[in-house]
Amino acid sequence: MTTGPLQLSELGTDPGSVLRLVAQFDALEEQEVNADAAVRFAALTAGCPVGVRWPGGTVVRYDASGRLDPVDEGAAPASGHEIVVWVERDGPGHPLDDVLLDRLQRLIGRVAARTGVSGTPHLGDPALLEVVLSAKEHREDRARAIRLLGLDETRPTCVLAASGHSPRETVRLITGELAAPTVRSAVIGNATAIVCQGSFDMRELSDRLERRIVEEFPAVVNTGTASGPWIGIGSVGNAFSASTSWHEAVRALRFASSTGFGRRVVAYERLSSLELLADLPIDRVRRNRDVARINEIASTAAGDLDVRTTEAFFVYGSLRRTAAELHVHHSTVAARLARVQAAMGWDFEDPVDRFLGTLVLMVRRIAMSSAELADADLL
């Protein structure tokens, strides 16, 4: 960002001065600065406090020295449905105050459209969201990022982590299942982080999202068929606990069905003791004899159908239900299960072997999900 902005006190009212002021804000727009930087720059230029208020009521204000100086939101100008900016002078206003405010409002509007500050649920500024989700950032920095994203510090907040499948479509799907939500989201590495504020029942929310994804992306065994997003949901807290909720959401995401069967949506608080499996060393899981054998079977097209059919069987619980869901004859399901049982030395009539098969496929899925998410530096 440009250093040492021109002071209005140094400018006259001639066209040249107006153009110099406009040029400064045009340069900020080209650099795609955030709202925080834009308001601070305007305050330094004006030589007095400058503030902005978003339609949701969030206020950011900087004093003449460029220091963040919070103001009672009730004392700030009402915004209605528009972004409002203002200057605070003790004496007479400067002739170019109106020009400065016009350019600042234009710049803030561009920032709002780019980052989601306006309240529209779309992908926002990942840098701001990463600050909110980081446990390493100072509280004041997280508070600033929370304000710039138009979030309420005290409102119930939870974070969802979604697989990389079509981020914008995933955000729309999630938003459609929330009642009057405030949603901010951004792609972070190989995942999409979605911060939601509102009232939540985790069991009810995860079940509704599960049904919605299954309806739009029915689970089938045909190779190459899109399975849709898989989602992990963190616990509810306030905006300052978003980092904890994000960590939980990513752990829950590893249990979601990256392979197409099982739960597509997993809430962390519903994992209970299963959460301990997330701490298994992934390399050790891959080297496990049963997991390695399942991977070997799934390495061929026919074997992959057998393994995926076995996963479906553990989900649906019976041959006929599995056959109906996969649109094949029940004898086809039986034949596929028989091949897996023979190769693995399992008997699905035996409760212990059935549990073992479920466990092996679950930890295999965790390993596969972890491999997809590893590049995102989330784990």
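Spin-label model, Glu177/Asn190: points 7 Å from Cα along the beta carbon direction are separated by 2.3 nm.
List the relative contact order of the chain as a percent without decimals, with contacts defined as Cα pairs under 8 Å and 6+ residues apart.
Computed over the chain, the figure is 12 percent.
Where in the stretch 280-308 does the amide nitrogen come within less than 19 Å of the point 7 Å from the Cα of Asp353, taken along Cα to Cβ? The answer is 289-295, 297-298, 306-308.
The orientation-averaged shadow of the Cα convex hull for the stretch 154-277, equal to a quarter of the hull surface, comes to 7.3 nm².
Structural descriptor for the stretch 284-379: relative contact order 27 percent, calculated from alpha carbon pairs under 8 angstrom and at least 6 residues apart.
Label sites at Thr154 and Gln7, each approximated as a point 7 angstrom past Cα along Cα to Cβ, lie 4.0 nm apart. Protein heavy-atom surface of the stretch 162-319, 1.4 angstrom probe: 50% of the accessible area is carbon and sulfur, with nucleic acids and ligands not counted. Using the Cβ-Cβ distance between Leu276 and Leu319 with R0 set to 25 Å, the FRET efficiency works out to roughly 0.20.
The packing ranking, built from the mean of other Cβ atoms within 10 Å per residue, places the peptides 164-170, 46-52 in the order 46-52, 164-170, highest first.
For the pair Arg203 and Leu68 in one chain, pulling the backbone fully straight at 0.36 nm per residue adds 44.6 nm over the alpha carbon distance.
In this structure the chain gives 46 Å² per residue of accessible area when probed at 1.4 Å with all protein chains present.
What does the charge add up to near Asp304, with Lys and Arg as +1, Asp and Glu as -1, over the other residues with Cβ less than 15 Å from its Cβ? Once positives and negatives cancel, what remains is +3. Going by amide H atoms built from the backbone, whose H comes under 5 Å of the H on Val328, apart from near neighbours? Amide H neighbours of Val328: none.
Could you grab the Rg to Rh ratio for the stretch 282-376? Cα atoms only, Kirkwood for Rh. Can you show the working numbers first?
Working: Rg = 13.5 Å, Rh = 13.7 Å.
Here Rg/Rh amounts to 0.98.
Placing R0 at 30 angstrom, the Cβ-Cβ distance between Glu29 and Ser134 gives a FRET efficiency of 0.65 after rounding to 0.05.
The values are calculated or read from the model by the stated rules, or taken from the named source; none is laboratory data. Being a predicted model, the structure only gives us computed values, none of them experimental. Don't worry about glycine lacking a Cβ; one is built from the backbone with ideal geometry, like all the others, and counts go over all protein chains shown. To get the accessible areas, we keep the full protein, side chains included, count just its heavy atoms, and leave off ligands, DNA and RNA. Shrake-Rupley method; radii C 1.70, N 1.55, O 1.52, S 1.80 Å.
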